[in-house]
Amino acid sequence: MKLVWKILGGVALAIALLVGVVMWRTMQFGPKADAQAAITLPEPPAVDVNAAAEMLGAAIRIQTVTTTAGDPQPGADQPWIDLHAALQARYPAIFTRMTMEKVLTHAMLMTWTGTDPSLPPVILMAHQDVVPVNPGTDADWTHGPFGGVVADGYIWGRGAMDDKGSLIAILEAGDALAKSGFSPKRTIIFAFGHDEEVSGKGAQEIFALLKSRNVTPAMVLDEGFAVLGNFPLTGKPAALIGVAEKGYISLQITATTEGGHSSRPPRESGAVRIARALVALEEKQMPADLSAPPFNEMIQGVSADLPFVTRMAFANQWLLGSVITGQVSSDASANAIVRTTTAPTMLNGSIKDNVLPQRASAVVNFRIHPNDSVASVTQHVKDVTSHIEGLTIAQYEDGIGSEPSPVSSTSSEAYRVLEAVARSTGGGPNGGNVPVAPALVIGATDARYASAISKDAIYRFAPAIYDDADLNGFHGTNERLSVDNLGRMIKGYAQIMMAMGG
Ligand SMILES: [Zn+2]
């Protein structure tokens, strides 16, 4: 009996210790202390936001639509010419102060040389082009997709958020600063690509040019995240600053077999081999990593707003790691930020129902997590399908392959300035305290080309607050930007230029 009580006592003590450790770790869980170092933001010059809204509407009416790589085609580039003319007419002060270089004809590289040109410059980015509107959906819009109507507190139309809002806000901010007599110590560069939605050749060429000039920036800022009015993980507002973006590769898996008549099929046709390969890839996903940045820092950044149980689980991954990995992986959005995703997209077999395919193939699209690379993904596919005979694996011919970006610093001055701007953007009129956290961008932006000149200072954030309805407009119907958000963006970009450049 005594022994039983001793054992039970030991178990109870162990459980109490375990609970104690779990609770203590949960209480300690949160953002790193040094992330709280305060930056006092300068007060930017006043801007007529309604006039800026009308200008954004005018920019939306100029249809700089790109659909395929190489757009705009020669002879079809009048909208880009018109956009440049409209910007130049509206912002004389900044166009006078900054030198302009046209790269690949329509990408704009503008430079405001600082009084101390030895300082690393700050680069603000936006893109001039927009995605098309799906044919047949024009009538679904509250206001026409290219009407540029300002109504009900919004600027309506394709490009309002993605990304002419940033284009106009950066120029409004720069123009107001130039008019106010502001003269930056640090050089300020604007980089406005003309074809982000198809290939980003404009931005790629701009960064190649800056690299040839040995430019190493203190900050590169592009689109990607903002303050989210409803962050799915917490159900509360959160400001996310993109510090990395995923890479991209499409691989084609091909099974070559004899083909022939389907009345006498072999035991394992090419189509079956492809099916087995896809099932194998589905069942053996690339590994999730909850402990790598930026995911771990994002969770810490918003930890105060997490439900207690979720917070406890993240704080105690040493104990609950496998449970929480399973939970995160079962949610499509969360899964996409913790691992390289595997998405079979194009399937090809024979062209007739009674003919066996001689070549069956599948294209699988991977979005590459910063832990992985084009090479490691390709190797993974080879390893996982190595037991299946007769397969070849190659990069899909029409696909683009790009490595994931490096993960930028969250302890740099640039990040602290963005953090202060994000907090002030999200605070609203009552000065509420919105958590700010680094995050991984799962789509591709022009900022990926900036890794040619920076490994740790590329950020993706717009000083605006987006609610769920706003987010539906991205590449969708009823894209719109609130006039309030345009005001926040002009203010935020001006503060960034002043805090970084002043
Ligand atoms: Zn965009």
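The values are calculated or read from the model by the stated rules, or taken from the named source; none is laboratory data. Predicted model, so just to flag it, every value in this text is computed and none were measured. A quick note on method: Cβ atoms are made from the backbone with ideal geometry, for glycine too, and the neighbour counts reach across all protein chains shown. Just so you know, the surface numbers come from the protein's heavy atoms only, side chains and all, with ligands and any DNA or RNA stripped out. Shrake-Rupley method; radii C 1.70, N 1.55, O 1.52, S 1.80 Å.
Ranked from largest to smallest solvent-accessible area, with a 1.4 Å probe on the protein heavy atoms, Asp484, Asp305, Asp195 come out as Asp484, Asp305, Asp195.
Met286 contributes an accessible area of around 10 Å² to the protein surface, as traced by a 1.4 Å probe with all chains present.
Counting only residues at least eight positions apart within a chain, or on another chain, the aspartates and glutamates with an alpha carbon under 19 Å from that of Lys179 are Glu43, Asp48.
Considering only Phe474, Gln73, Phe308, and ranking their Cα positions along the charge dipole of the chain that arises from unit charges at the beta-carbon of Lys, Arg, Asp and Glu, the one farthest toward the positive end is Phe308. Between Thr113 and Asp484, full extension at 0.36 nm per residue minus the direct alpha carbon distance yields a gain of 130.5 nm. Compared with the alpha-carbon gap, the fully stretched path from Arg276 to Ala85 is longer by 63.2 nm at 0.36 nm per residue. The slack in the chain from Arg267 to Ala93, taken as 0.36 nm per residue of separation less the alpha-carbon distance, amounts to 55.2 nm. Taking packing as the residue-averaged number of other Cβ atoms within 10 angstrom, the listed peptides 252-263, 149-160 run from highest to lowest as 149-160, 252-263. Averaged over residues, the count of other Cβ atoms within 10 Å places the peptides 435-443, 309-317, 64-72 in the sequence 435-443, 309-317, 64-72, highest first. Gyration tensor analysis over the Cα atoms of the range 117-267 returns equivalent ellipsoid semi-axes of 40, 26, 17 Å (largest first, whole Å). Model label points for Val4 and Trp318, set 7 angstrom from Cα along the Cα-to-Cβ axis, are 3.4 nm apart. Name all residues of the range 457-493 having a backbone nitrogen under 20 Å from the label point set 7 Å from the Cα of Ala46 along its Cα→Cβ direction, giving them as ranges. Backbone N within reach: 483-493. Estimated at the nearest 10 Å², the accessible area of Glu205 is 90 Å² with a 1.4 Å probe. Taking the empirical scaling 2.2 N^0.38 Å for compact globular proteins as reference, the range 247-395 has a Cα radius of gyration ratio of 1.33. In plain terms, if you count all Cα to Cα distances in the range 422-502 and split them into 5 Å steps from zero, the share in each step is 3, 11, 16, 23, 23, 15, 7, 2, 0 percent.
Candidates Ala160, Val374, His84 compared by Cα position along the dipole of the chain: farthest toward the positive end lies Val374, with charges placed on Cβ. Quick one: pull the percent of accessible area on the chain belonging to carbon and sulfur, 1.4 Å probe, ligands and nucleic acids left out. Within the chain, the accessible surface is 55 percent carbon and sulfur.
Report, in listed order, any pair from Lys185/Lys455; Lys102/Lys246; Lys246/Lys284; Lys164/Lys491 with a Cα-Cα distance greater than 25 Å. From Lys185/Lys455; Lys102/Lys246; Lys246/Lys284; Lys164/Lys491, over 25 Å: Lys102/Lys246.
Rounded to the nearest 10 square angstrom, Phe29 shows an accessible area of 30 square angstrom against a 1.4 Å probe. Listed by chain and number, the aspartates and glutamates placed with their C-alpha closer than 13 angstrom to that of Lys236 are Asp305, Asp467, Asp468; residues fewer than eight positions away on the same chain are left out. Just to confirm my numbers, what's the Cα centroid distance between the range 326-374 and the range 453-499 in Å? Spelled out, the Cα-based centre of one part sits 31 Å from the other.
Judged by the mean number of other Cβ atoms found within 10 Å, the most tightly packed of the peptides 450-461, 113-124 leads the ranking 450-461, 113-124. Here r is the Cβ-Cβ distance between Thr477 and Ala304 and R0 is 35 Å; the resulting FRET efficiency, rounded to 0.05, is 0.50. Sorted largest first by accessible area at a 1.4 angstrom probe radius, with every protein chain in place, the residues His143, His127 fall in the order His143, His127. Mean projection of the Cα convex hull over all viewing directions, computed for the chain: 31.2 nm². Note on Thr67/Lys236: beta-carbon distance plugged into 1/(1 + (r/R0)^6) with R0 of 41 Å gives a FRET efficiency of 0.60.
The mean sequence separation of alpha-carbon pairs under 8 Å and at least six residues apart, normalised by the residue count of the range 247-395, gives a relative contact order of 47 percent. Could you calculate the FRET efficiency of Thr137 with Ala76 from 1/(1 + (r/R0)^6), where r is the beta carbon distance between them and R0 is 25 Å, rounded to 0.05? Plugging the Cβ-Cβ distance into 1/(1 + (r/R0)^6) gives 0.65.
Computed over protein heavy atoms with a 1.4 Å probe, the accessible surface of the range 247-395 works out to 51 Å² per residue. Ordered from largest to smallest accessible area (heavy atoms of protein chains, 1.4 Å probe), the residues Glu101, Glu389, Glu413 come out as Glu389, Glu413, Glu101.
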